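Read-outs throughout are calculated quantities, based only on the coordinates presented, and are distinct from any laboratory measurement. All of these numbers come straight from a predicted model, not from anything done at the bench. So basically every Cβ, Gly included, is an ideal-geometry build from the backbone, and we count neighbours across all protein chains shown.
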Amino acid sequence: MSAERPLLDGPPAGMSEGDRELLATARSVLDGHYRAGVHEVAAALRLADGRIVTGLHVEASAGRASVCAESAALSAAIVAGSPVLSVVGVLRRPTGTRHLIEPCGVCAELLGDHAPEARVWVAVGDAFEAVPVHQLLPFRRRRSARPAGA
Ligand SMILES: [Zn+2]
């Protein structure tokens, strides 16, 4: 895998019309709220009822207090009350380049608990593809005392 994240020039090859709408929505949210170092990622989620919910990365001065776009969007999805089908995250760098971005490990855990069958777009080498959330962390920890989603 290339060390550099591939550029997002437009919708990836093979991206469905519905996911293209997610991509455009995430880009729009990010362009509307982008602040270097503070709001650099937006995520858009397609729900089973057809709606789209979004989330925006909020960076904190203390790193662990930061909120990821994917986690914020998942919270909105749960409020909306419909299962998540598809996830697209977009990163904008201070230089202005845009990239598809996969969920971080923490968000992969959270999505794995609440939307394991959702498909999420990730960079694979120099290309992009959608994979099921449960494939993001093949050896993730599972709590037996607290069921997923509880
Ligand atoms: Zn995250």
At R0 = 35 Å, how high is the FRET efficiency between ARG142 and SER61 if r is their beta carbon distance? Nearest 0.05 is fine.
0.60
Sorted by average packing, counted as other Cβ atoms within 10 angstrom per residue and highest first, what order do 82-94, 112-124 take?
82-94, 112-124
In nm, to one decimal, how far is the ALA13 label point from the ASP49 one, both placed 7 Å along Cα→Cβ?
3.8 nm
About the Cα centre of the chain, what is the dipole size in debye to 20, counting +1 per Lys and Arg Cβ and -1 per Asp and Glu Cβ, all else neutral?
480 debye
Which one, VAL122, ALA43, SER66, projects farthest toward the positive side of the charge dipole computed for the chain from Cβ point charges (K/R +1, D/E -1)?
SER66
Peptide ranges 128-134, 62-68 listed from the most packed, as the mean C-beta count within 10 angstrom indicates
128-134, 62-68
For the chain, restrict the atom set to alpha-carbon positions and state the Rg and Dmax in Å.
14.7, 46
Work through the residues other than GLU40 whose Cβ is under 14 Å from its Cβ and net out their charges, Lys, Arg +1 and Asp, Glu -1.
+3
Which of SER16, SER61, SER71 moves most in a GNM of the chain, Cα contacts under 10 Å?
SER61
Rounded to 10°, Cα long-axis angle of helix 105-114 versus longest principal axis of the chain:
50 degrees
Principal-axis tilt of helix 17-33 within the chain, Cα atoms, nearest 10 degrees
70 degrees
